[in-house]
Amino acid sequence: MKLSNRKNILTLMCLITTLLFSSHSLNASTNANECNELPNFGKLDKAISMQSEKNKSNLQFQFGILFESDNNYKCAIYWWEEAASNGHMAAKLALKKTLKYKKRLLERMSKQIKKYEEMRSLSVLPDLSMNASISSPYSLNMETTTENYSPITFNGFKNVSEDDLSTLSIDVDTASYSNMRRYIQQYNQMPPIDSVRIEELINYFSYDYPQPLDYHPFSIISELSYAPWNKKHHLIHIGIQGKNIDFAQVPASNIVFLIDTSGSMYGSLGLVQKSLRMLVDNLRDQDTISIVAYAGYAGLVLPATSGKHKHKIKQAIQQLKSGGSTAGGAGIDLAYKMAKQNFIADGNNRVILATDGDFNVGVSSQGGLERLIEQKREDNIFLSVLGFGYGNLQDAIMEQLADKGNGNYSYIDNLLEAKKVLVKEMGSTLFTIAKDVKIQIAFNPIKVKSYRLIGYENRVLNKEDFNDDKKDAGELGSGHTVTALYEIIPADSKEQVASVDKSKYQETVPTDIALNSNEIMTIKFRYKEPTGDQSKLIELPVIDNIVDFSNSSDSFKFSSAVASFGMLLRGSEYKGESNYQQIIDIAKESKGEDIEGYRSEFIKLVETAQII
């Protein structure tokens, strides 16, 4: 039986896959020289011997793929060595880059398993699961995954007598929340500790803040109550509401889709395509779309095309295929070149990058890519990063690229999240109303002994950065809400806090304003217009008017529940009396109208985490 075409080879591969499903001896401890002792080795070897020389090496290579997807690397290497000895170039490359192939092959096998399970559920195939040795595609082995997250060290308490200023950049990213959901919902696993950024969990939700009434593009509110995880501590809730802009009234958009079509995106490209098609459906005639794709090299897939030609844009998206290495730097260069070439003065000029963040050709280091993005942002072109994929997600680099590119970072784990980011919150995602937004809090030492910023660890700024207009900070989109929480130890508390020796040469004494004021703190904001270079200042004093937690707003209660959950996920030393049931109870009480069901979903996630 000679197989002369690809279709027949794929048919044979399906048969071989079924044989592997029934093999109970496949495991990572099998030695390469023992592969010929596996129960189905004779059938595999016989299938190969009946092929032409060309098909023989192809099948040997594919057998290696199947064994690797089962984490049986020794047998994978055995078959790849056989294929390489027959001149198979891909097998030679696989031997050198086993880890590079890992995610792509796992995804391919997972799709085969999923299809098999769907067919078996319909009684089309017999149940072979008792003998199947292949791990579930619905779990993630944290020992073998190559996902990468930046390490986070919790913000600790600071003495007001020693440091009364807290300065930070706002953050509108939400990737950490949907990534956390992926682990709990899909894998029944707790997420990696460093993947949990509490501010992104809190800011995933919108809150009931008032619209701005003056010429500033956002409103600011504050609220003071008790911390539910430590009744002796107070909690200050700061909320920012970006001005809602009617999509029909916003300026024309010049958007460049920058799509990663490398091999590591195998299994995720379909979700990318469906997600971007949703956005295309909402384009107006005056909007333009360009498409750049990159794998081993970058190429222009579609020149700037009017939003009225939706079919043409969708067709270009649908024709994309994955494969090859990842020349992300070249893709970024070309995407920004297209955005600049079609720049719309006073319009919305933005690059939307869809990737797993695995850059490995050309400019690929995190520092090199960040510097490249920093150079490009000077042209007033914003960047939105959409993270996709699993097992090889390079979260650390994607978060920083969005930060350096004056943009936002979302992780798309399913179509509903794509709809949330690209349709329901399209204005927030795509239309910047203020950039370089900074917050600086000045605490009154007569009212506050110590304070702690919850989350925002990688958004903390030096106090000098607040007045420095050259210092980059976060962006605020139309309709965005941003929330920051501070845990406070009151000045009259007997609680001991860490301190340093008094200065030998100077003494800090509270001012008359501090002594005679009922202000607990003053909030300062700086921001720039989307294309501006000079910042504007807003000041808001906060009166020491604490209310009982039971009388606080739903926004206050729900954000505190989310913060408490984040501290549990991270195993924070500051979690106090936090527990899952308390979080569930507070979240249910403060769920509010919840039109989209996001808060109800949060409650279910906490309930699931409680039993994992």
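The values are calculated or read from the model by the stated rules, or taken from the named source; none is laboratory data. All values derive from a computational prediction rather than experimental measurement. No Cβ is skipped: glycine too gets one built from the backbone with ideal geometry, and neighbour counts run over all protein chains shown.
Does region 482-503 hold any residues that are surrounded by 14 or more Cβ atoms within 10 Å (Cβ to Cβ), among the polar types (S, T, N, Q) and out of contact with any helix residue (DSSP H, G or I) (no Cβ under 9 Å at 6 or more places or on another chain), and which are they?
493
For region 401-442, give me each residue that is more than 21 Å from residue 251 (Cβ to Cβ) and without any contact (Cβ under 8 Å) to a residue 60 or more places away in the chain.
Hits for region 401-442 are 401, 416.
Go through (1) out of contact with any strand residue (DSSP E or B) (no Cβ under 9 Å at 6 or more places or on another chain); (2) crowded, with 19+ Cβ neighbours inside 10 Å; (3) not hydroxyl-bearing (Ser, Thr, Tyr) and name the single condition residue 186 misses.
Here residue 186 meets the rest and fails (2).
Looking at the structure I just gave you, is residue 484 hydrophobic (A, V, I, L, M, F, W, C) and outside the structural domain of residue 408 (by TED's automatic domain parsing)?
yes
Anything in region 310-337 that is assigned to a helix (DSSP H, G or I) and either outside the structural domain of residue 299 (by TED's automatic domain parsing) or modelled with pLDDT under 80 (or both)? List them, or say none.
328, 329
Would a scan of region 233-247 turn up a residue that is within 30 Å of residue 300 (Cβ to Cβ) and out of contact with any Phe, Trp or Tyr (no Cβ under 6 Å at 6 or more places or on another chain)?
Yes: one or more hits.
May I ask you to verify whether residue 286 is surrounded by fewer than 17 Cβ atoms within 10 Å (Cβ to Cβ) and either part of a helix (DSSP H, G or I) or acidic (Asp, Glu) (or both)?
Criteria not met by residue 286.
For region 200-242, which positions are of a type in the set (Ser, Thr, Tyr) and either out of contact with any strand residue (DSSP E or B) (no Cβ under 9 Å at 6 or more places or on another chain) or part of a strand (DSSP E or B) (or both)?
Hits for region 200-242 are 204, 215, 219, 222, 225, 226.
Select from region 243-285 the residues that are within 30 Å of residue 440 (Cβ to Cβ) and either out of contact with any strand residue (DSSP E or B) (no Cβ under 9 Å at 6 or more places or on another chain) or among the aromatic types (Phe, Trp, Tyr) (or both) and list them in ascending order.
Passing the criteria: only 244.
Would you confirm, using the coordinates I've provided, whether residue 215 is within 30 Å of residue 522 (Cα to Cα) and touching a Ser or Thr at 6+ places or on another chain (Cβ under 9 Å)?
Against the criterion (within 30 Å of residue 522 (Cα to Cα) and touching a Ser or Thr at 6+ places or on another chain (Cβ under 9 Å)), residue 215 does not qualify.
Can you tell me which residues in region 146-180 are within 16 Å of the chain's Cα centre (by Cα), assigned to a loop (DSSP other than H, G, I, E, B) and not assigned by TED's automatic domain parsing to the domain that holds residue 598?
Result: 146, 147, 149, 150, 151, 152.
Across region 399-420, what is the total count of residues that are outside any loop (DSSP other than H, G, I, E, B) and surrounded by fewer than 24 Cβ atoms within 10 Å (Cβ to Cβ)?
Selection size over region 399-420: 8.
Among the numbered criteria (1) closer than 25 Å to residue 468 by Cβ; (2) not in a strand (DSSP E or B), which one does residue 439 miss?
The one condition residue 439 does not meet is (2).
Looking for something surrounded by fewer than 21 Cβ atoms within 10 Å (Cβ to Cβ), at pLDDT below 95 and out of contact with any Lys or Arg (no Cβ under 9 Å at 6 or more places or on another chain) - is there at least one such residue anywhere in region 428-441?
No: zero hits.
Residues that are at pLDDT below 95 and not hydrophobic (A, V, I, L, M, F, W, C): list the helices (runs of 4 or more DSSP H) wholly contained in region 505-612 that include at least 1 such residues.
Counting at least 1 such residues, we get 512-516.
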